[in-house]
Amino acid sequence: MPGFTAADVPDLSGKTFVVTGANTGLGFEASRVLAAKGGEVVFACRNEDRARQAMAKISAETPHAKLDFVELDQADLESVKRAADVLSGRERIDVLVNNAGVMMPPLTRTAQGFELQFGVNHLGTFALTSLLLPKIAENGGGRVVVTASLAHRSGEAMWSDPKAEEGYSRIQRYYDSKLANTLFFVELDRRLRAQGSPVSAIGCHPGIASTELARNYGVARVLMPIVGKVLNTAEQGAWPTLQAATDPAATGGDYFGPRGLREMSGTSGPAFLTRLARDPGAAQWLWTRSVALTGIDPGLAPVD
Ligand SMILES: NC(=O)c1ccc[n+]([C@@H]2O[C@H](COP(=O)([O-])OP(=O)(O)OC[C@H]3O[C@@H](n4cnc5c(N)ncnc54)[C@H](OP(=O)(O)O)[C@@H]3O)[C@@H](O)[C@H]2O)c1
């Protein structure tokens, strides 16, 4: 089996994809392919200028590309609610690609006071997904994609201090936020299945890819050009995202990543989730906590 690449993305005519953080990195590369294959792509981004510049690049390459923009700042739950309101008014949403993320910034907090990585990478994803589920379900199918990371393997589930008032390790907080992404999509799919929902939740990770992700962390930032040569370019890093979003053979609960050595690079296929990432107790605890912290409840009952 050669593994999934952009060449395997089927015709997407008539489908609408919402991609968070579509203006650069993996989100941009995935959006470029989705648009070229005929899908409508809604850029859900926090900076309209950056988003429109990125959209113009895609339009130059694919003149018939169907692109739209909605303002979304996942560091502010009020912005997430406004974006969800606007998006819910669209004719259809087939796939929500939760891609936006931030890695290892100096201690920063969201508008609601949560530590930024937990707030943007997990709580923003949890909130946007929860609010859009009814819309995604409307057409009798639909997918939610959550972008995790190899870093989930080092997560320790330290969410008892969501505002980082007792201390801050920028590295551990990133690991934990990515563990939260894995716990969330597995638990979401479990609850959707139990409820007989037509929507599936699928996870992915890009291995290691050259993007702007290391912008906040000097050591990693200098290595990024080398990453692009030795491991994945952003284009290659988007393959697991594209598989999760479009592979007709993918089913709820699947997790995709690069098939090369230690899942760091290569074409996309099934990837490894740690036991903790699949732990129903940890997932339910995080779910309850996420509802309490965001005030947003997707209304999906726990599964025994
Ligand atoms: N690159 C890798 O090796 C790697 C490895 C594992 C996992 N990942 C994951 O892949 C995803 C995409 O990362 P990337 O590598 O493509 O990084 P990137 O080039 O830095 O792109 C991140 C995107 O997220 C957006 N974003 C950040 N904070 C946001 C907020 N508060 N609200 C809305 N959007 C926000 C950024 O918008 P702005 O441009 O406006 O800041 C940007 O569009 C992330 O979830 C990351 O954790 C990446």
Query raised in the report: Within the range 1-26, can you find the residues that are over 23 Å from ALA271 (Cβ atoms), in contact with a Gly (Cβ under 7 Å, 6 or more places away or on another chain) and surrounded by fewer than 19 Cβ atoms within 10 Å (Cβ to Cβ)?
Result: ASP11, SER13
Query - Number of positions in the range 185-221 that are in a helix (DSSP H, G or I) and either of a type in the set (Asp, Glu) or closer than 17 Å to VAL102 by Cα (or both) - result: 10
Query - Pick from the range 29-69, criterion outside any helix (DSSP H, G or I) and within 11 Å of the ligand (Cβ to nearest atom), ranking: farthest from the chain's Cα centre (by Cα) - result: ASN47
Query raised in the report: Any residue in the range 158-174 that is within 15 Å of the chain's Cα centre (by Cα), within 13 Å of the ligand (Cβ to nearest atom) and either under 29 Å from PRO248 (Cα atoms) or not in a loop (DSSP other than H, G, I, E, B) (or both)?
Result: yes
Report summary line: Flagged in the range 249-264 as in contact (Cβ under 8 Å) with a residue 12 or more places away in the chain, out of contact with any Pro (no Cβ under 6 Å at 6 or more places or on another chain) and under 30 Å from ALA194 (Cα atoms), in numbering order, are ALA250, THR251, GLY252, GLY253, ASP254, TYR255, PRO258
Requested in this report: Give the residue, chosen from GLU138, GLU212, that is touching a residue at least 12 places away in the same chain (Cβ under 8 Å), among the charged types (D, E, K, R) and within 26 Å of GLY3 (Cα to Cα).
Outcome: GLU212
Query raised in the report: Could you count how many residues in the range 261-285 are part of a loop (DSSP other than H, G, I, E, B) and farther than 20 Å from SER154 by Cα?
Result: 2
Requested in this report: Starting from the range 94-108, take each residue that is touching a residue at least 40 places away in the same chain (Cβ under 8 Å) and closer than 17 Å to ARG170 by Cα and list its partners that are among the hydroxyl-bearing types (Ser, Thr, Tyr) and within 9 Å of the ligand (Cβ to nearest atom), counting only C-beta distances under 7 angstrom and pairs at least six apart or across chains.
Outcome: GLY101/THR147; MET103/TYR174; MET104/TYR174
Report task. Note down all Cβ pairs under 9 Å where the first residue falls in the range 169-182 and is closer than 19 Å to GLN284 by Cβ, the second is of a type in the set (D, E, K, R) and away from the ligand (no atom under 12 Å from the Cβ), and they're at least six residues apart or on different chains. Result -> ASP176/GLU156; SER177/GLU115; LEU179/GLU156; THR182/ARG278
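Quick one: in the range 102-123, of everything that is of a type in the set (S, T, N, Q) and surrounded by fewer than 20 Cβ atoms within 10 Å (Cβ to Cβ), which residue is nearest to the ligand (Cβ to nearest atom)? Before the answer, list the steps.
So the first thing to find is which residues in the range 102-123 are of a type in the set (S, T, N, Q), and the list is 108, 110, 112, 117, 121.
Remaining after also requiring surrounded by fewer than 20 Cβ atoms within 10 Å (Cβ to Cβ): 108, 112.
Working: THR108: 10, GLN112: 12 Å.
Once the filter is applied, the top-ranked residue is THR108.
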Query raised in the report: Which ones in the range 141-156 are within 15 Å of the ligand (Cβ to nearest atom) and in contact (Cβ under 8 Å) with a residue 60 or more places away in the chain?
Result: VAL145, THR147, ALA148, LEU150, HIS152, ARG153, GLY155
Report summary line: Looking across the range 135-181 at residues that are charged (D, E, K, R) and farther than 25 Å from ALA111 by Cβ, the single one that is modelled with the lowest pLDDT is GLU156
Query raised in the report: Looking at the range 75-87, is at least one residue more than 23 Å from PRO206 (Cα to Cα), among the β-branched types (Val, Ile, Thr) and within 11 Å of the ligand (Cβ to nearest atom)?
Result: yes
Query raised in the report: Since ALA245 meets every condition but one in (1) within 29 Å of ASP8 (Cβ to Cβ); (2) free of Cβ contacts under 8 Å to residues at least 24 places away in the same chain; (3) hydrophobic (A, V, I, L, M, F, W, C), which condition does it not meet?
Result: (2)
Query raised in the report: Residues ALA249, ALA301: which one is in a loop (DSSP other than H, G, I, E, B), closer than 26 Å to ALA30 by Cβ and not charged (D, E, K, R)?
Result: ALA249
Query raised in the report: Can we say PHE126 is closer than 23 Å to ALA209 by Cβ, among the aromatic types (Phe, Trp, Tyr) and away from the ligand (no atom under 11 Å from the Cβ)?
Result: no
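The values are calculated or read from the model by the stated rules, or taken from the named source; none is laboratory data. Since this is a predicted model, take the numbers as computed values, not measurements. We place every Cβ from the backbone using ideal geometry, glycine too, and count neighbours over all the protein chains shown.
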